1. Determine whether the stretch 75-92 contains at least one residue that is outside any strand (DSSP E or B), touching a Lys or Arg at 6+ places or on another chain (Cβ under 6 Å) and at pLDDT below 95.
2. For residues that are farther than 21 Å from VAL151 by Cβ, of a type outside the set (Phe, Trp, Tyr) and out of contact with any strand residue (DSSP E or B) (no Cβ under 6 Å at 6 or more places or on another chain), tally how many sit in the stretch 76-101.
3. Looking only at the stretch 82-137, which residues are among the hydrophobic types (A, V, I, L, M, F, W, C), under 16 Å from LEU67 (Cβ atoms) and surrounded by fewer than 18 Cβ atoms within 10 Å (Cβ to Cβ)?
4. In the stretch 26-66, which residues are under 21 Å from SER139 (Cβ atoms), of a type outside the set (A, V, I, L, M, F, W, C) and modelled with pLDDT of 50 or more?
5. Can you tell me which residue in the stretch 51-74 is surrounded by the most Cβ atoms within 10 Å (Cβ to Cβ), limited to those that are among the polar types (S, T, N, Q) and not in a loop (DSSP other than H, G, I, E, B)?
6. Would a scan of the stretch 141-154 turn up a residue that is more than 21 Å from ILE50 (Cα to Cα), loosely packed, with under 14 Cβ neighbours inside 10 Å and modelled with pLDDT under 95?
7. Tally time: how many residues in the stretch 97-153 are within 14 Å of VAL61 (Cα to Cα), in a loop (DSSP other than H, G, I, E, B) and among the charged types (D, E, K, R)?
8. Search the stretch 115-128 for residues that are in contact (Cβ under 8 Å) with a residue 12 or more places away in the chain and pair each with any residue that is hydroxyl-bearing (Ser, Thr, Tyr) and part of a loop (DSSP other than H, G, I, E, B) when their beta-carbon atoms are under 8 Å apart and the residues are at least 6 apart or on different chains.
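The values are calculated or read from the model by the stated rules, or taken from the named source; none is laboratory data. Keep in mind that this is a model prediction, so the values were computed, not measured. No Cβ is skipped: glycine too gets one built from the backbone with ideal geometry, and neighbour counts run over all protein chains shown.
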Amino acid sequence: MTPTLAAIFAPQVSVTPSASLPPTQPLFATPSPPAPPTAATQCNDDASFIEDLTIPDGTLVLPGETLDKRWSVSNSGSCDWGPDYRLVQVGTSEIQGPTEVALFPASAGSTAVWEVALVAPPTPGEYLGRWQARAPDGSLFGDEVFVLIVVAEPEPTATPTHTPTQ
């Protein structure tokens, strides 16, 4: 009988069970993909306005008056606010002051006070300044807080009148 090509080129393997061989293991280990972030490793930035602590909306101020604006806010997110969190001015305003300040550190769920030192414009009128929290990644979050002031007309200074004496 003539062998077939398949029989000629087929590998001849004999398998004998052995108690000394380890269990079958893959020859190459493939790294596991990193686990996706879970709710436990991610946090959510949020801030909720509670109340104005100083300078209620529509407060009448003098031209160039120094203002100490404070807001009470809640850290309503799940992230703690650390040193890289900022309170930044949103948009433009004629009220003079810094464009950003550090947020007071606040744990998630706690209440904090945001504070900005400002100077009223020199010209009478109504002025608005808007502020919002910024996360370390640069994203804005939470409620905007604002200061709304009315700069009054300056009081005219009385000029002394001279009354002739006799």
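1. yes
2. The number of residues fulfilling the criteria is 7.
3. Kept after step one, since they are among the hydrophobic types (A, V, I, L, M, F, W, C), are these residues of the stretch 82-137: 87-88, 90, 95, 101-104, 106, 108, 112-114, 116-120, 128, 131, 133, 135.
Subset that is under 16 Å from LEU67 (Cβ atoms): 87, 95, 101, 113-114, 116-120, 128, 131.
Of everything in the stretch 82-137, those that are among the hydrophobic types (A, V, I, L, M, F, W, C), under 16 Å from LEU67 (Cβ atoms) and surrounded by fewer than 18 Cβ atoms within 10 Å (Cβ to Cβ) turn out to be VAL101, VAL113, ALA117, VAL119, LEU128.
4. Hits for the stretch 26-66 are THR41, GLN42, ASN44, ASP45, ASP46, SER48.
5. Applying the first criterion (among the polar types (S, T, N, Q)) to the stretch 51-74 yields 54, 59, 66, 72, 74.
With the extra rule that they be not in a loop (DSSP other than H, G, I, E, B), the set shrinks to 59, 66, 72, 74.
Details: THR59: 16, THR66: 11, SER72: 15, SER74: 18.
Per the criteria, the residue is SER74.
6. Yes.
7. So the first thing to find is which residues in the stretch 97-153 are within 14 Å of VAL61 (Cα to Cα), and the list is 118-128, 147-153.
This time we only want the ones that are in a loop (DSSP other than H, G, I, E, B), so: 120-124, 152-153.
Filter once more, keeping what is among the charged types (D, E, K, R): 153.
Of the residues in that region, 1 qualify.
8. Matching pairs, first to second residue: TYR127/SER93; LEU128/SER93.
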